[in-house]
Amino acid sequence: MLTEIKQEAFEKELKENENVVLDFYSTECPPCEALAPKFDSLAELYGKDIRFLKIFRQGNRELAEKLGVMSSPTLLFFKNGKQVGETLRGGIHRSQIMRNLDTMLPEDRIKEIHQKIKPITTETEVVVLGAGPGGMAAAIYLAQAKVDTILVDPALPGGQVSTTHQVSNYPGFVDPQPGFMLAHYMAEQVKAAGANLKVAVEVNKVDLANKQVLIDGHHTIRAKKIVISTGASPRYLNVEGEKEYYGKGISYCATCDAKYFHDKEVVIIGGGNTAVEESEFISKFASKITMVQQLPHLTANRAAQERAMADPKINVLLAHEPRGFYREGDKMKVKVEDLRTGKINELLTDGVFVFVGMKPNLDMIHDKLDKDAWGYIKADDEMRTSIPGVYAVGDVISKKYRQITTAVADGTIASIALAKELN
Ligand SMILES: Cc1cc2nc3c(=O)[nH]c(=O)nc-3n(C[C@H](O)[C@H](O)[C@H](O)COP(=O)(O)OP(=O)(O)OC[C@H]3O[C@@H](n4cnc5c(N)ncnc54)[C@H](O)[C@@H]3O)c2cc1C
């Protein structure tokens, strides 16, 4: 049901088949590895109606360039010789592929195909939710202790590390490591240890009490124990225009986006450690930074504050709060309120970065767990939570310092305690 082709065969395939899906893959490409089993199983399911093709991108550059394919994997859909649907790239979910395949077929046929999807169940000893450093450390220790372990993540492995520009404080590397490389080494170590890595999957339901996780809509993983290592995400300001301009003028990740502001002006919202430290990084690119801080003082550590204050590119607006984000031509307009006078001022800028803290990723967890006042899970010194058999590690737990090393340490402790408990 799945055919590997060379670029010379492509036009013929398009002529002979009404519906075609084409996967540009590469070797040594983790998102391609994550896609392969999904593509295989969908070829089984849809293969009578849609032609499933694979093509090695590096070996068929001419076609890749002609079709505008710049990265692997890239999935393209064709109907009657014309490209249709979305172009899918990176950590592709099964439902995204199905959504595009379904647009090519009549409704009654879609129904028949969907009815053929059989629920499957996998039994394991431990399921680890979240393939950041905490979850990956836990999976490495568990797998090396011969504990059957499945590590599940809706994204590609690495968590926050994958979006970190350089990591210089993780022991074992003399030179700073690009975050994506460190994440890659960790994921390779997880695989080498023998844990089953299921990444770029949809996590549909988590049932902590019964130790069950439903992924990709039809696959239930039943475990004896669960480790929650779902990390944390940025907090939003919830003001006008924030959602609308997310990723289109407003960013939450300096590492990812600072490079787009070379010689440009930016506004940074926040005045804590992250805001101040990230402003130093952004200052390498931007020509001017205006930091908007709600309090009458910055709250970052003194050394970071002193460095920021000494940077002539950084100006600080204290006791100001953002009230809305708007587009004005190719600029962003930020309305800020002076909290001392109530006066609204407008800042025109090229881009906005928001650094106002993090929140634990627990949207999928509906079981009642003991948490602190900020919603982080309370765990004991062996990382046990208030639900028997459920552990939690890393940034998602209530603790003072959230770093790669501390997440890895939590994962280590949980997995040793867990392996003993399972024995
Ligand atoms: C920009 C930036 C720079 C940083 N720089 C450094 C640094 O230089 N040094 C340092 O030590 N620390 C740094 N940190 C902090 C460090 O990255 C985190 O402390 C660390 O990644 C936490 O690891 P974690 O495994 O707990 O969570 P995360 O890294 O947040 O990973 C959590 C994972 O869980 C997944 N997940 C979410 N929901 C679910 C779900 N329902 N089911 C399954 N999986 C789910 C996510 O997709 C993610 O992959 C930085 C953080 C940021 C944001």
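What residue, among those in the stretch 183-196 that are surrounded by fewer than 22 Cβ atoms within 10 Å (Cβ to Cβ) and in contact with a helix residue (DSSP H, G or I) (Cβ under 8 Å, 6 or more places away or on another chain), is modelled with the lowest pLDDT? Walk me through how you get there before you give the answer.
Quick first cut of the stretch 183-196, residues surrounded by fewer than 22 Cβ atoms within 10 Å (Cβ to Cβ) only: 184-185, 188-189, 191-194, 196.
Subsequent filtering for residues that are in contact with a helix residue (DSSP H, G or I) (Cβ under 8 Å, 6 or more places away or on another chain) retains 184, 189, 193-194.
Numbers: 184: 95, 189: 98, 193: 98, 194: 98.
Among residues in the stretch 183-196 that are surrounded by fewer than 22 Cβ atoms within 10 Å (Cβ to Cβ) and in contact with a helix residue (DSSP H, G or I) (Cβ under 8 Å, 6 or more places away or on another chain), the one modelled with the lowest pLDDT is 184.
Can you tell me which residue within the stretch 372-387, out of those that are under 25 Å from the mean Cα position of the chain (by Cα) and of a type in the set (Gly, Ala, Ser), is surrounded by the fewest Cβ atoms within 10 Å (Cβ to Cβ)?
375
Strands (runs of 3 or more DSSP E) wholly in the stretch 263-351 with at least 1 residues that are modelled with pLDDT of 95 or more, touching a His at 6+ places or on another chain (Cβ under 8 Å) and closer than 22 Å to residue 249 by Cβ - which ones?
Numbers: elements: 265-269, 288-293, 314-318, 320-328, 331-338, 344-349.
Of the strands (runs of 3 or more DSSP E) lying wholly inside the stretch 263-351, those with at least 1 residues that are modelled with pLDDT of 95 or more, touching a His at 6+ places or on another chain (Cβ under 8 Å) and closer than 22 Å to residue 249 by Cβ span 288-293, 331-338, 344-349.
Can you tell me how many residues in the stretch 358-371 are closer than 19 Å to residue 159 by Cα and either among the basic types (Lys, Arg) or surrounded by 14 or more Cβ atoms within 10 Å (Cβ to Cβ) (or both)?
Applying the first criterion (closer than 19 Å to residue 159 by Cα) to the stretch 358-371 yields 358-365.
From what's left, either among the basic types (Lys, Arg) or surrounded by 14 or more Cβ atoms within 10 Å (Cβ to Cβ) (or both): 358-362, 364-365.
Residues that pass the stated criteria total 7.
Considering the stretch 80-96 alone, what residues qualify as being touching a residue at least 12 places away in the same chain (Cβ under 8 Å) and not polar (S, T, N, Q)? Even if it seems obvious, please write down each step before you answer.
Step one: list which residues in the stretch 80-96 are touching a residue at least 12 places away in the same chain (Cβ under 8 Å), which gives 80-81, 83-95.
Once the filter is applied, which keeps residues that are touching a residue at least 12 places away in the same chain (Cβ under 8 Å) and not polar (S, T, N, Q), the stretch 80-96 yields 81, 84, 85, 86, 88, 89, 90, 91, 92, 93, 94.
Consider residue 148 against the criteria (1) on the phi > 0 side of the Ramachandran plot; (2) more than 12 Å from the ligand (Cβ to nearest atom); (3) not polar (S, T, N, Q): it satisfies all of them except one. Which criterion is unmet?
(1)
Do any residues in the stretch 148-159 that are under 15 Å from residue 222 (Cβ atoms) have Cβ atoms under 8 Å from those of residues that are within 7 Å of the ligand (Cβ to nearest atom) and modelled with pLDDT of 95 or more, where the two are at least six apart or on different chains, and which pairs are they?
Close Cβ pairs satisfying both conditions: 152/129; 152/130; 152/131; 152/203.
Evaluate the following for residue 138: is it within 16 Å of the ligand (Cβ to nearest atom) and either surrounded by 14 or more Cβ atoms within 10 Å (Cβ to Cβ) or assigned to a loop (DSSP other than H, G, I, E, B) (or both)?
Working: within 16 Å of the ligand (Cβ to nearest atom): yes; either surrounded by 14 or more Cβ atoms within 10 Å (Cβ to Cβ) or assigned to a loop (DSSP other than H, G, I, E, B) (or both): yes.
Taking the combined requirement at face value, the residue satisfies it.
Kindly indicate whether residue 402 is away from the ligand (no atom under 16 Å from the Cβ) and surrounded by fewer than 22 Cβ atoms within 10 Å (Cβ to Cβ). Before you say what the answer is, go through the steps one by one.
Working: away from the ligand (no atom under 16 Å from the Cβ): no; surrounded by fewer than 22 Cβ atoms within 10 Å (Cβ to Cβ): yes.
No: the conditions fail for residue 402.
Is at least one residue of the stretch 340-347 buried (at least 18 other Cβ atoms within 10 Å of the Cβ), touching a strand residue (DSSP E or B) at 6+ places or on another chain (Cβ under 8 Å) and closer than 28 Å to residue 240 by Cα? Spell out the reasoning first.
From the stretch 340-347, those buried (at least 18 other Cβ atoms within 10 Å of the Cβ) are 347; that's our starting set.
Restricting the remaining residues to those that are touching a strand residue (DSSP E or B) at 6+ places or on another chain (Cβ under 8 Å) gives 347.
The next check asks that each one be closer than 28 Å to residue 240 by Cα; those that pass are 347.
Yes, that holds for at least one residue.
The values are calculated or read from the model by the stated rules, or taken from the named source; none is laboratory data. It should be emphasised that the depicted structure is a prediction, and the values quoted were computed from it without experimental measurement. We place every Cβ from the backbone using ideal geometry, glycine too, and count neighbours over all the protein chains shown.
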